[in-house]
1. In the stretch 46-71, which residues are more than 24 Å from Ile30 (Cβ to Cβ) and surrounded by fewer than 14 Cβ atoms within 10 Å (Cβ to Cβ)?
2. If you check Val50 against the conditions, is it under 29 Å from Gln89 (Cα atoms), at pLDDT 90 or above and not charged (D, E, K, R)?
3. Among the residues of the stretch 85-98, what is the count of those that are assigned to a helix (DSSP H, G or I) and open to solvent by 60 Å² or more (accessible area, probe 1.4 Å)?
4. Name every residue in the stretch 58-84 that is part of a helix (DSSP H, G or I), under 24 Å from Pro97 (Cβ atoms) and basic (Lys, Arg), in order of residue number.
5. In this structure, is Leu82 open to solvent by 60 Å² or more (accessible area, probe 1.4 Å) and of a type in the set (A, V, I, L, M)?
6. Of the conditions (1) surrounded by 14 or more Cβ atoms within 10 Å (Cβ to Cβ); (2) within 18 Å of Phe58 (Cα to Cα), Leu106 clears all except one; give me its number.
7. Among the residues of the stretch 22-57, how many are assigned to a helix (DSSP H, G or I) and either of a type in the set (Gly, Ala, Ser) or out of contact with any helix residue (DSSP H, G or I) (no Cβ under 8 Å at 6 or more places or on another chain) (or both)?
Amino acid sequence: LQPLQAKPVQNSSRTLRRKPREPEVARSLIKKIFSHYVKMPVTRDAFKIVERCCDRYFKQISNDLEAYANHARRKMVEKADLEVLMRRQGLVTDKMPLHVLIERYLPLEYRKLLIPVATSGNKVIPCE
């Protein structure tokens, strides 16, 4: 009887290397948000276009926020950068401040995090 020997592993030149993928917004999230506002069925071809548009939109927003932070010689994007971006896009104006947008479109648990709220005993919870 002879002991079994392991077979040598062949080093093939066809080693599979995957390209690193860029992070993406989940398709299910885009579909859920889009179907909430459209309120009708959407064809697959139309949804693919919506996905591409969302991807480009978020890339552009990210690049703009990064540019604002770099211009201010910071390494972190701050709330003020986002507000400047929303002003430049026309979403935030003197008649439509950021707090109104938050109250109108975000659920209560997010509103509590973003807007200071007075509680009993006149204690104010900061918006951090």
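The values are calculated or read from the model by the stated rules, or taken from the named source; none is laboratory data. Nothing here was measured: the structure is a model prediction, and the numbers come from that model. Positions of Cβ are backbone-derived with ideal geometry, glycine not excepted, and every protein chain shown enters the neighbour counts. All accessible areas refer to the heavy atoms of the entire protein, side chains included, with ligands and DNA or RNA removed. Shrake-Rupley method; radii C 1.70, N 1.55, O 1.52, S 1.80 Å.
1. Ala67, Asn70, His71
2. yes
3. Matching residues across the stretch 85-98 total 2.
4. Listed by number, the list holds a single entry, Lys79.
5. yes
6. Every listed condition holds for Leu106 apart from (2).
7. So in the stretch 22-57, the residues assigned to a helix (DSSP H, G or I) come out as 27-38, 44-57.
Then drop every residue that is not either of a type in the set (Gly, Ala, Ser) or out of contact with any helix residue (DSSP H, G or I) (no Cβ under 8 Å at 6 or more places or on another chain) (or both), which leaves 28-29, 32-33, 35-38, 44-46, 48-49, 52-53, 55-57.
Residues that pass the stated criteria total 18.
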